[in-house]
Amino acid sequence: MAEYKIKFEVFEGPLDLLLHLIKKEEVDIYEVNLTKLATQFIEYIEVMRLLDLEVAGEFLVMASTLMYIKSRELLPKDLQTTDGEEDEGEDPRWELIRQLVAYKKIQGRRRPAAGARNRAGKHLSRLPARPDLPAPAARKPEVSLFDLINAISGVLKRLGAREDLREIFEDKWSVSEKIECLLKLTAEQAVVKFSDLFASASSRAEVVCIFLALLELIRLKQLTCTQPEDFGEIEITRTPALPVTA
C-alpha cells in the first residue's frame, strides 16, 4: 500500500486538529483541559501512523509542546513554576490558547461571501416577485480528515474487541481493488454509511486498505463525505459532476 501513502499536511494542520478536539469536547477554548487534549492529540497521531499517513513535522512539534504542557500540569503544586519565575506571556499554555483563538478568528473570516450575498439580497426586495418554488435541500457540511480519523479509530477499536489478535500477514487486498469496490458500491447506493464500508472487514489490514481507498477517491473528488450532525454517522456519496460549459 506504499504507493498510496498520503501526505497529511495536504488536508489539515495541527491547529485544525486541536480545534476539532476542542469542538468534540464541547468546551470553551479558554477552559480546555490541555492535559486531556495532549493525550487525544497523541492518539490521533498514532492512528495516522497506523493508517500509513505521512505526519508532517509541525504535528510532531505540536505534540512535543502539548506533552511539555501536560508534564508541567501533572507536577505537584509545590514543584510547578511560580508566577515570579515565569510570567503569563512566556507560559506555553497561554501562548497556545492565544494561537488557537487567533486561528479560529482567521477561519471565521474565510466565509464572508455567503453573509454578504444574503445582506445584498435584502436590498433587492423591489424586484419582481419570483414564483414560489420548493426550497433546495440544505447542503450537509463536508467532513474534515479529522472526522474521518475519529470514525476509523472507532472502527478499529470495535474490530480489536472482537478479533483474537491473530494477524494474517499475507497481503490479500490492494488499494486499487478497494477503490473499484467503493466505486461499485456508491454506484449502486445513493448514500453509503461509513460504518457499512467496514461491516465485512476481517482484519485491521483490510480496514486500513478500505480507508486509504476512500481517502484516494476523496482526493480525486469522486466521492464526498458529509455529516448530518457534528460527530454523527458519516455519509458517503458520489461527487456530482460539474456542469459542462459551452
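In table form, for the structure just shown:
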item	result
Difference of contour (0.36 nm per residue) and Cα-Cα distance, S176 to D52	43.1 nm
Solvent-accessible surface (1.4 angstrom probe) belonging to F198, in square angstrom, nearest 10	10 Å²
Summed side-chain charge close to K178 - residues other than K178 whose Cβ falls under 10 Å, Lys, Arg +1, Asp, Glu -1	-4
Solvent-accessible area of L156 with every protein chain in place, 1.4 Å probe, in Å² to the nearest 10	20 Å²
Solvent exposure, largest accessible area first (probe 1.4 Å, DNA, RNA and ligands not counted), of Y103, Y44	Y103, Y44
Counted charge near L145, where neighbours are those whose Cβ lies closer than 10 Å (Asp, Glu -1; Lys, Arg +1)	-3
Per-residue SASA entry for S71, accessible area with 1.4 Å probe, Å² rounded to 10	60 Å²
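The values are calculated or read from the model by the stated rules, or taken from the named source; none is laboratory data. Given the structure is predicted, the values throughout are model-derived calculations rather than measurements. Positions of Cβ are backbone-derived with ideal geometry, glycine not excepted, and every protein chain shown enters the neighbour counts. Note: areas computed on protein heavy atoms with side chains; ligands, DNA, RNA excluded. Shrake-Rupley method; radii C 1.70, N 1.55, O 1.52, S 1.80 Å.
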